[in-house]
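Take a look at the structure below.
The values are calculated or read from the model by the stated rules, or taken from the named source; none is laboratory data. Bear in mind that the values here come from a model prediction, so they are computed numbers and not experimental data. When we count neighbours, we look across all protein chains shown, and the Cβ atoms used for this are built from the backbone with ideal geometry, even at glycine. Heads up: the accessible areas ignore ligands, DNA and RNA and are worked out on the full protein's heavy atoms, side chains in. Shrake-Rupley method; radii C 1.70, N 1.55, O 1.52, S 1.80 Å.
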Amino acid sequence: MSSSSNNEKVIYQIWTDGKGSFAVRKKEKEDEEKDSQFEYSDSQEPEKYSKLIDSKMCYDGSITEELVQDWIEELKEEEVLDQDGNLIYV
């Protein structure tokens, strides 16, 4: 039998600096005390992302720029972000 690890849920978190820049972080179940790696970032400085704005369950460990852009659009529709990507509230 093949391993079921390909279908395990992975929680991704989207972070922002509040001014239109974003990063996505993969939350590791085993390492909850440790900081997990930022997998997608539109900047070279992940330490500037201080605000967690949403978490999302995914069924595989891959995240794409297209998925992140769709996620950002969802947050704009939910009025978490304004149309420029700036944070309205957390």
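Things to note:
- Segment 14-30 - residue that is in a strand (DSSP E or B) and open to solvent by 20 Å² or more (accessible area, probe 1.4 Å) and, of those, modelled with the highest pLDDT: 15
- The set of residues from segment 44-63 being of a type outside the set (Phe, Trp, Tyr), open to solvent by 70 Å² or more (accessible area, probe 1.4 Å) and in contact (Cβ under 8 Å) with a residue 24 or more places away in the chain comprises 48, 50, 51, 57, 60.
- Subset tally (residues that are in a loop (DSSP other than H, G, I, E, B), at pLDDT 85 or above and under 14 Å from residue 13 (Cα atoms)) for segment 64-90: 1
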